[in-house]
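The values are calculated or read from the model by the stated rules, or taken from the named source; none is laboratory data. On a predicted model such as this, the values are computed, not experimentally measured, just so you know. When we count neighbours, we look across all protein chains shown, and the Cβ atoms used for this are built from the backbone with ideal geometry, even at glycine. Each accessible area value is taken on the protein alone, full model and side chains, heavy atoms only, with ligands, DNA and RNA left out. Shrake-Rupley method; radii C 1.70, N 1.55, O 1.52, S 1.80 Å.
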Amino acid sequence: MSTPTSDVDEVRPRGGRLPRRERRAQLLESALGVFVRQGYHAAAMDDIAEKAGVSKPVLYQHFPGKLDLYLALLDTSCDAIIDNCRQALLSTHDNKQRVGAAIAAFYDYVGSETGAFRLVFESDLTNEPAVRQHVDRVTTECAELIAEVIGDDTGLPLQASRLLAVSLVGMAQVSARFWLSEQGGIDRDQATALVSGLAWRGIRGYPLTDEH
């Protein structure tokens, strides 16, 4: 019989036996589908265990409670979008293209078939301090990355650079969610180009030199 610290989980026959790391990844994937579809409050650990094909004790070996599982998913989702933003900024030294890449990072994330963005931007548990902290981390860390670029290229003070950066992040994520909810009319590339154009026309008004 396995213990919470064993390397292999005991699971239902249909689930097979997996190393703990692989089992954890599988549980997170199953939980994501349940949380996205049902929301935090309506989701049940029974549903997640059933979808993963494991017993509830196995699920609890990895995650002591539903909130722990939800926070683990938030960690993964927040890390993904922050890393996407970082890679977008590093993808080019051309600032117009940087703006486009950063906006596209949010549209790609929101448009993903997994629906993981709903955990971050449309959580029904934002009154929980730990969840709010995770959600706010996306705005804060993405804005810090963008503010560094703005400050370097414009010479603006830190607080001014951060305000502009937060505005860009807000524009990206709110417009991406609106675009997705509209269903039809504008494809992702068109939407990204429109919003990127708006953002660039604004941010280019703060150049340090004509080259920027």
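Can you work out which of the residues in the range 170-197 that are among the aliphatic types (A, V, I, L, M) and farther than 18 Å from LYS96 by Cβ is least open to solvent (accessible area, probe 1.4 Å)? Break it down stepwise before answering.
Within the range 170-197, the subset among the aliphatic types (A, V, I, L, M) is 171-172, 174, 176, 180, 186, 191, 193-195.
Then keep just the ones that are farther than 18 Å from LYS96 by Cβ; that gives 174, 176, 180, 186.
Values: VAL174: 81, ALA176: 0, LEU180: 39, ILE186: 75 Å².
By that ranking, first place goes to ALA176.
From (1) of a type in the set (Ser, Thr, Tyr); (2) open to solvent by less than 60 Å² (accessible area, probe 1.4 Å); (3) over 26 Å from TYR206 (Cβ atoms), pick out the condition that doesn't hold for THR154.
(3)
So GLU144 passes all but one of these: (1) among the charged types (D, E, K, R); (2) within 30 Å of GLY33 (Cα to Cα); (3) under 20 Å from the mean Cα position of the chain (by Cα). Which condition number does it fail?
It is condition (2) that GLU144 fails.
Go through the range 96-117 and give me each residue that's buried (at least 19 other Cβ atoms within 10 Å of the Cβ), over 30 Å from TYR40 (Cβ atoms) and in contact (Cβ under 8 Å) with a residue 40 or more places away in the chain. Show your work before the answer.
Filtering the range 96-117 for residues buried (at least 19 other Cβ atoms within 10 Å of the Cβ) gives 98-107, 109-110, 116-117.
In the following step, the residues that additionally are over 30 Å from TYR40 (Cβ atoms) were identified as 98-101.
Matches in the range 96-117: ARG98, VAL99, GLY100.
Would you list the helices (runs of 4 or more DSSP H) that sit entirely within the range 65-124 and hold 2 or more residues that are at pLDDT 95 or above and either closer than 24 Å to GLY151 by Cα or not basic (Lys, Arg) (or both)?
Values: elements: 66-90, 95-110, 117-121.
Filter on the range 65-124 gives 66-90, 95-110.
With respect to VAL58, determine if the residue is open to solvent by less than 10 Å² (accessible area, probe 1.4 Å) and part of a helix (DSSP H, G or I). Steps first, please.
Details: open to solvent by less than 10 Å² (accessible area, probe 1.4 Å): yes; part of a helix (DSSP H, G or I): yes.
Judged against the criteria, VAL58 is a match.
Considering only the range 27-39, I want to know if a residue exists there that is crowded, with 18+ Cβ neighbours inside 10 Å, assigned to a loop (DSSP other than H, G, I, E, B) and modelled with pLDDT under 95.
So the first thing to find is which residues in the range 27-39 are crowded, with 18+ Cβ neighbours inside 10 Å, and the list is 27-28, 30-32, 34-35.
Going one step further and asking which of them are assigned to a loop (DSSP other than H, G, I, E, B), we end up with none.
No, the conditions are met nowhere in the range 27-39.
Say we look at the range 82-95 and pick out the residues that are free of Cβ contacts under 8 Å to residues at least 24 places away in the same chain and either β-branched (Val, Ile, Thr) or under 13 Å from ALA172 (Cβ atoms) (or both); which of these is surrounded by the fewest Cβ atoms within 10 Å (Cβ to Cβ)?
In the first step, residues of the range 82-95 are kept if they are free of Cβ contacts under 8 Å to residues at least 24 places away in the same chain; the result is 83, 87-88, 90-94.
Filter once more, so that each one left must be either β-branched (Val, Ile, Thr) or under 13 Å from ALA172 (Cβ atoms) (or both): 88, 92.
Numbers: ALA88: 23, THR92: 12.
In this case the residue turns out to be THR92.
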